[in-house]
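Heads up, the thing below is written out as structure tokens.
The values are calculated or read from the model by the stated rules, or taken from the named source; none is laboratory data. Please read all numbers here as calculations on a predicted model, not as lab measurements. As a convention, Cβ positions derive from the backbone with ideal geometry for all residues, glycine included, and neighbour counts pool all protein chains shown. Note: accessible area is taken over every heavy atom of the protein model, side chains too, but ligands, DNA and RNA are not part of it. Shrake-Rupley method; radii C 1.70, N 1.55, O 1.52, S 1.80 Å.
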Amino acid sequence: MSLNEQFFGDEIHPIDMAQHLAENHDWEFERTDDNQISMAVEGQWRTYSVTLAWSDYDETLRMVCTFEMEPPERKIPALYHALNVINDQCWSGSFTYWAVQKLMVYRYGLVLAGGQVAGPEQIDTLINSAVDNCERFYPAFQLVVWGDRTPEDALQVAIAETYGRA
């Protein structure tokens, strides 16, 4: 049964859908209020914190996917350069660095103006796409910050196709 079939005919709040998805995937989650949920999604490189928040004001479902990153101060300019290079590869969503919180953030806003309703497949794809992008570019960020690689060199690692098995 598809995710849409489980909700067929119901107009369900997008955060309720996200909670249902978290339960189905066995992700740890916390429903902070009616319009926000935070969940922990396990990746290959680390566990990502994913937060979805619904805004009635502008009818937008906002998603942020974060992971900790504490680059040395001297590496901040290279990290920002890497963000620009990497964001050129991201078509839905973008990365930013929140220096005060020491968090790398992948964010996206799904605008549902005019009473549009997000489907469960959209929300599931939104979450999985965020984690996939974090997984894809995590090694590049690490190489820039800790491996003294240029952002362009580090990006080649992130976009290189791997063949075979280790």
Return the loop-located GluC sites (Glu not before Pro) in segment 14-73 (DSSP other than H, G, I, E, B) with at most 14 other Cβ atoms within 10 Å of their own Cβ; answer none if there are none.
E59
Of the heavy-atom accessible surface of the chain (probe 1.4 angstrom), what whole percent is carbon and sulfur?
47 percent
Along Cα→Cβ, 7 Å out, is where each label goes; now give me the distance between the ones at W146 and Q116 in nm to one decimal.
3.9 nm
The chain: C-alpha pair distances exceeding 25 Å, %:
37 percent
I want to check the label-to-label distance for I76 and A40. Put each point 7 Å from Cα in the C-beta direction and report it in nm to one decimal.
3.0 nm
Could you check the simple spin-label distance between A99 and E28, using points 7 Å along Cα→Cβ, in nm with one decimal?
3.1 nm
Assuming R0 = 25 Å, can you tell me the calculated FRET efficiency for the pair N128 and D58, based on Cβ-Cβ distance, to the nearest 0.05?
0.55
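May I ask you to give the solvent-accessible area per residue for the chain, in square angstrom, as obtained with a 1.4 angstrom probe? Show your work: numbers first, answer last.
Details: 9570 Å² over 166 residues.
Roughly 58 Å² per residue, with all protein chains present.
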Can you tell me how much longer the chain between D153 and S49 gets when fully stretched, taken as 0.36 nm per residue apart minus their C-alpha distance, in nm with one decimal?
34.7 nm
By how many nm would the segment from R107 to C90 lengthen if fully extended, with 0.36 nm per residue of separation less the alpha-carbon distance?
5.0 nm
